[in-house]
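As structure tokens, the structure follows; a few thoughts come after it.
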Protein chains: 2
Amino acid sequence: MTQNRQRVTIAVDAMGGDYAPHEIVKGSIQATRDIGGEKIEIVLVGVENEIHKEMAKYDTTGLPIRVENADEVIRDGESPVLALRQKNNASILQAMQLVKEGEVDAVVSMGSTGTVLVSAIQVLGTLAGIKRPSVGAILNGLAPNTVIFDLGTNVDCKPRDLLNFATIGCIVARKIMHIEKPSVAILSNGAEEGKGNKLAKDTYSLFKGNSFNFIGNVEGNDIPTGKANVIVCDGFVGNVLVKYSEGLGDVLIGKVGKYLEGKLSQEQVDNICSNLYAMTHVADMNGGGMIYGVDGLVWIGHGRSKASQLVESIQQVKHAVNANVAQEIKIELGRLQNQNNT
Amino acid sequence: MTQNRQRVTIAVDAMGGDYAPHEIVKGSIQATRDIGGEKIEIVLVGVENEIHKEMAKYDTTGLPIRVENADEVIRDGESPVLALRQKNNASILQAMQLVKEGEVDAVVSMGSTGTVLVSAIQVLGTLAGIKRPSVGAILNGLAPNTVIFDLGTNVDCKPRDLLNFATIGCIVARKIMHIEKPSVAILSNGAEEGKGNKLAKDTYSLFKGNSFNFIGNVEGNDIPTGKANVIVCDGFVGNVLVKYSEGLGDVLIGKVGKYLEGKLSQEQVDNICSNLYAMTHVADMNGGGMIYGVDGLVWIGHGRSKASQLVESIQQVKHAVNANVAQEIKIELGRLQNQNNT
């Protein structure tokens, strides 16, 4: 697959994020320099004159960057649905449109999650059997061979939703994490079959008939040890878990940092605190995440991303494009839907 | 209330726990010495000659300890329901019977959670509106002014169950934690009203009409900071959360301990690791917990408890008896049930 691709083209929403457009333009320029112009091309989507003003600060001669004008901007705090209805020429909508028309391979935005999600659904559409796109995370910094779905976009899930998460998770594990035969588990409140709430129990029955490597239930304490490669749960649980972890991490870092002050060098204290951060801020360590379940590749980065995080995000997206992740997910979900209908 | 009580009498299941009966007998003797015989009396329930053999190792002259024979023992790993049906004279059943007959004020057992729960339901019965007793935890070591319900005995909850948890939680916060007007929150995946899964949203509506100090939703990251005194959630979520926290703590302690080795004194390393333990093993820090929702005061301690943990448990139970917790919960749940029926 990789061999067939000449160059990955990525649309970057120049107007999305706390530091847009300056850090977004800066990061895009940096990415084309770092990755190399023969491998990547970037389309900056947004208010043309603002982007050009930023670009003028750098020497961009020969860099594979072009600008697509989109003269409306959706600000933080606007209602996504309302804003997208009123602003047809918003940068995020135009960027999605480029994916839909096959002009680019993927979109990267540091805009608000709600706006990116809604515009992806609106322009690209959801895949077979998907009600809402899903956000998952590879637990880098804690259990790097584990990905957990869903982290909050889907609540009140049915077993069929968890089957979608498992399907997507397996492709992510194979294609991105390079795990040949990923193990899949259901997060539950007991390890044995028959333990769990209604959703976990019904999902257990459904998973038993499937072809992936289902290893049963895992409990909360099995997450940090990476007992399974793909862990599925209702997005309500995933969201509470990830946020609890972050809050706990912040409290721990504060207390440990204070305790160690004066006992170790500042560098050593910083080192230990950033380790604690990495292990507790599980969803944060990727600088953002892909939304899965729409017909195209879309990356939502953290709003507070600066140039270097954008470069990191672009690299991850390029990797996903080369690995053909979006196409594989579309095929697999289509196959599931057909099985379901017959 | 406290003035009215002459002496608190507690039945201790002498046969329950990994170190029964020797550590249980030892701890009971120690508790009467520590607390003082005018304030406490202990009834050791179990196989008489085994208990007396253990007691003979100590000078128990004048100590307020008596023995009630119960010649059957339920071993770890037995099915609670089956074992309790076959062993009518099991120590845990006899101990519950003493509560029911008003001969003692409370039961303490280090036996298996399942067995203690089932025997409490069987002998004491559940209170008005309660389907299954609830287990909660005061987050000592992390957020000591916060109690969280339910931690796993109730899954697939209805809003009414969460109302019971809130009611019980408020009494625990007032009577045990001495918080005059405890704040109550629903654990959700968003702070605003209207955010949440179906259970959280429906519970929000139900709580708005109630007289307690309802402050709305809290998110996972608000737990470690103690944003509310009483946090309610489905037991599935509570269980996953508490176990995740423990697993995460173990991983963190391992990594931090290793990193600090040789950089700090062993005492300093141990100190920091036990702090990390206390902050992540949130349910563990109380040495066990009360089961709420049965008609009587019942404490389940950790199976691995030794004499000193038993003393600690007995002290907490004595405190709960003096504070009239069981009686208050019975009255409040009865009142709720009446409101519900009218």
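Observations, loosely collected:
- Top-ranked residue of the stretch A:202-243 - restricted to ones that are within 10 Å of another protein chain (Cβ to nearest Cβ) and of a type in the set (D, E, K, R), ranked as farthest from A:T167 (Cα to Cα): A:K243
- Residue check for A:V251: in the same structural domain as A:N154 (by TED's automatic domain parsing) and touching a residue at least 40 places away in the same chain (Cβ under 8 Å): no
- Among residues of the stretch A:246-266, those that are more than 7 Å from chain B (Cβ to nearest Cβ) and closer than 21 Å to A:G220 by Cα, counted: 2
- The condition of being open to solvent by less than 20 Å² (accessible area, probe 1.4 Å) and more than 14 Å from chain A (Cβ to nearest Cβ) holds for only one of B:V317, B:V269, B:V282, that being B:V317.
- When each of A:I314, A:I331 is tested for being at negative phi, in a helix (DSSP H, G or I) and touching a strand residue (DSSP E or B) at 6+ places or on another chain (Cβ under 9 Å), the lone residue that passes is A:I314.
- Check on A:G287, at positive phi, surrounded by 23 or more Cβ atoms within 10 Å (Cβ to Cβ) and away from every other protein chain (no Cβ under 11 Å): no
- Restricting attention to the stretch A:36-91, the residues being under 16 Å from A:H22 (Cα atoms), open to solvent by less than 40 Å² (accessible area, probe 1.4 Å) and assigned to a strand (DSSP E or B) number 7.
- Single match in B:N140, B:N154 (criterion: open to solvent by 40 Å² or more (accessible area, probe 1.4 Å) and under 21 Å from the mean Cα position of the chain (by Cα)): B:N140
- Strands (runs of 3 or more DSSP E) fully within the stretch B:97-157 counting 3 or more residues that are modelled with pLDDT of 95 or more and closer than 21 Å to B:G17 by Cβ: B:106-109
- So A:I148, is it buried (at least 24 other Cβ atoms within 10 Å of the Cβ), touching a residue at least 60 places away in the same chain (Cβ under 8 Å) and touching a helix residue (DSSP H, G or I) at 6+ places or on another chain (Cβ under 9 Å): yes
- For beta carbons closer than 7 Å, sequence separation of 6+ or different chains, a first residue in the stretch A:108-132 that is farther than 16 Å from A:S313 by Cβ and a second that is open to solvent by 10 Å² or more (accessible area, probe 1.4 Å) and of a type in the set (V, I, T), the qualifying pairs are A:T115/A:I74; A:L117/A:T153; A:V118/A:V81; A:L124/A:V99; A:R132/A:T153.
- Some residue of the stretch A:184-194 being at pLDDT below 95, over 30 Å from B:K255 (Cβ atoms) and under 18 Å from the mean Cα position of the chain (by Cα): no
- Residue among B:A143, B:A137, B:A120 that is farther than 30 Å from B:K208 by Cα and of a type in the set (G, A, S): B:A120
- Residues being under 25 Å from A:K243 (Cα atoms), among the acidic types (D, E) and surrounded by fewer than 19 Cβ atoms within 10 Å (Cβ to Cβ) - total across the stretch B:160-209: 3
- The residues in the stretch B:132-158 that are of a type in the set (D, E) and more than 10 Å from every other protein chain (Cβ to nearest Cβ) can be counted, and the count is 1.
- B:E38 being modelled with pLDDT of 95 or more and of a type outside the set (K, R): no
The values are calculated or read from the model by the stated rules, or taken from the named source; none is laboratory data. Because the structure is predicted, anything quoted here is derived from the model rather than measured. Positions of Cβ are generated from backbone atoms using ideal geometry, with glycine treated the same way; all protein chains shown enter the neighbour counts. Note: areas computed on protein heavy atoms with side chains; ligands, DNA, RNA excluded. Shrake-Rupley method; radii C 1.70, N 1.55, O 1.52, S 1.80 Å.
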